[in-house]
1. For region 374-393, which residues satisfy the criterion of being of a type in the set (A, V, I, L, M), part of a helix (DSSP H, G or I) and surrounded by fewer than 20 Cβ atoms within 10 Å (Cβ to Cβ)?
2. Checking R371 against (1) outside any helix (DSSP H, G or I); (2) of a type in the set (K, R); (3) under 22 Å from V110 (Cβ atoms); (4) out of contact with any helix residue (DSSP H, G or I) (no Cβ under 9 Å at 6 or more places or on another chain), which single condition isn't satisfied?
3. Check L122 against each of (1) under 24 Å from K224 (Cα atoms); (2) outside any loop (DSSP other than H, G, I, E, B); (3) touching a helix residue (DSSP H, G or I) at 6+ places or on another chain (Cβ under 7 Å) and name the one condition it does not meet.
4. Find the residue count for region 348-358, including only residues that are part of a helix (DSSP H, G or I) and buried (at least 16 other Cβ atoms within 10 Å of the Cβ).
5. Residues to consider are I172, I163, I144, I151; find the one that is away from the ligand (no atom under 15 Å from the Cβ) and buried (at least 21 other Cβ atoms within 10 Å of the Cβ).
6. Report, ordered by the first and then the second residue, all pairs with beta carbons closer than 7 Å, sequence separation of six or more or different chains, a first member in region 40-67 that is assigned by TED's automatic domain parsing to the domain that holds L18 and farther than 19 Å from T92 by Cβ, and a second member that is exposed (fewer than 15 other Cβ atoms within 10 Å of the Cβ) and acidic (D, E).
7. Can you tell me which residue is surrounded by the fewest Cβ atoms within 10 Å (Cβ to Cβ) among those in region 77-116 that are over 29 Å from N138 (Cβ atoms) and away from the ligand (no atom under 16 Å from the Cβ)?
Amino acid sequence: MKGDFGSMDTLAVHAGMLEDEHGAIVPPIYQVSTFRFKNVEQGAAFFAGSEEGYIYTRLGNPTIKALEVCVATLEGGSAGLACASGMAAINTIFSALLKDGDHMICSKVVYGSTLGLIKDVLTKFGVETSLVDTSSLNECKKAIKPNTKLIFLETPGNPTLVISDIAATSEIAHQNDILVVVDNTFSTPVIQRPLDLGADIVIHSMTKYLNGHADVVAGMIVVKKSNIFDELRTTLNQIGGIIDPFAAFLVHRGIKTLVLRMERHCENALRVASFLEGHTKVKWVNYPGLKSHPQYPLVQKQMKAGGGMVSFGLKGGFKAGKALLNNVKLCCLAVSLGGVETLIEHPASMTHSHVDEKDREMASITDDLIRLSVGIENSEDIIQDLREALDKI
Ligand code: LCS
């Protein structure tokens, strides 16, 4: 893309389409592990960093680079680092920025494996974590210690869709020399740009909306300022959690329709959430785009729309929920989210089943909670499927 076209719709199509010697209009797949040097001097210069060039795919690859430039541009960051999965991205951040004796604050509502990584792995390396209701600024402030290095926010949180105030938390964090990392998987930069709101780092499970087609597992780190980038890049290179060039190509391809897909996800989710809210068998609905969301004013402040995720509970509890899950036909009973097809799951027995019951309770991940990832199908079809399944309870 020549010139400066800043709108998200245009950037999603053009960002990261780097110059290609043959004029290819999308980045070709460099499915190679290693790159030939012209001579010893060039190889040595690439390794020394005095000359730029590709060495070995774990250290860098043109197809991966194109995707990194694309997502960094969409998030308004200075650089991106593509990873093998969302978990590889989170692990890279923790490994690079935390050490024995450090303390971290983490939203108590996060994806189950994020919590697993903290509890099972980070503690082995002497890092202490406080799980905090980060939707309360006061709780967040109270949890800060002299050795706090990082605040990790997931907003909206998986699966309750609780919201944390990115701008206000970043302000408090920066007063205390603490970095703020935001998991922006549920919103994508189309809906929420954490770096603009003051966060230092954004991570994504690109497995979800960015790729959008349920056929890739991938992650991304985007930094606002370049000063921490080298440390993250070196750590990723050493840990080895890099993305495969073909996966990078697919995600980059998916991003071209990200804005269109997000618009449809949000439109459909609002309709489905409104339908559920009005149904006699439904006890509660949580959707950031509904006025009934407990933090609706904050949603309006930091998000452009409610996103594609809805959580709800039935009056008959999980027993009724189980009947619903077993009776849907169009909605697919599966974990993951953010793809074009509607998925439905039960977090307490699936995505968050390995979280201690006590931690689940503390995070309000109740046994009756059903999570819907609303796809881009016709919204009337999704609603009809849910209505018919609810009728069978
Ligand atoms: N962050 C969030 C918010 C997630 O929802 C997930 C995965 C991850 C990070 C990890 O990404 P991955 O390594 O899988 O690319 N969430 C999943 C879920 O809710 N169901 O299945 C996976």
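The values are calculated or read from the model by the stated rules, or taken from the named source; none is laboratory data. These numbers come from a predicted model, not from an experiment. Quick reminder, even Gly has a Cβ in these numbers, built from the backbone with ideal geometry, and neighbours come from all protein chains shown.
1. Let us first name the residues in region 374-393 that are of a type in the set (A, V, I, L, M), namely 374, 376, 382-383, 386, 389-390, 393.
Subsequent filtering for residues that are part of a helix (DSSP H, G or I) retains 382-383, 386, 389-390.
Within region 374-393, I383, A389 meet the criteria.
2. The failed condition is (4).
3. (1)
4. Going residue by residue through region 348-358, those that are part of a helix (DSSP H, G or I) are 348-349, 357-358.
Right, trim to buried (at least 16 other Cβ atoms within 10 Å of the Cβ) and you get 348.
Of the residues in region 348-358, 1 are part of a helix (DSSP H, G or I) and buried (at least 16 other Cβ atoms within 10 Å of the Cβ).
5. On the way: I172 fails: buried (at least 21 other Cβ atoms within 10 Å of the Cβ); I163 fails: away from the ligand (no atom under 15 Å from the Cβ); I144 fails: buried (at least 21 other Cβ atoms within 10 Å of the Cβ).
None of the others qualify; the one that does is I151.
6. Matching pairs, first to second residue: Q42/E51; A45/E51.
7. Ranking the candidates gives D100 first.
Quick grid of which residues meet (1) without any contact (Cβ under 8 Å) to a residue 24 or more places away in the chain; (2) buried (at least 19 other Cβ atoms within 10 Å of the Cβ):
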{"site": "D215", "(1), (2)": "no, no"}
{"site": "M220", "(1), (2)": "no, yes"}
{"site": "D230", "(1), (2)": "yes, no"}
{"site": "N237", "(1), (2)": "no, no"}
{"site": "G241", "(1), (2)": "no, yes"}
{"site": "F246", "(1), (2)": "no, no"}
{"site": "K256", "(1), (2)": "no, no"}
{"site": "V272", "(1), (2)": "no, yes"}
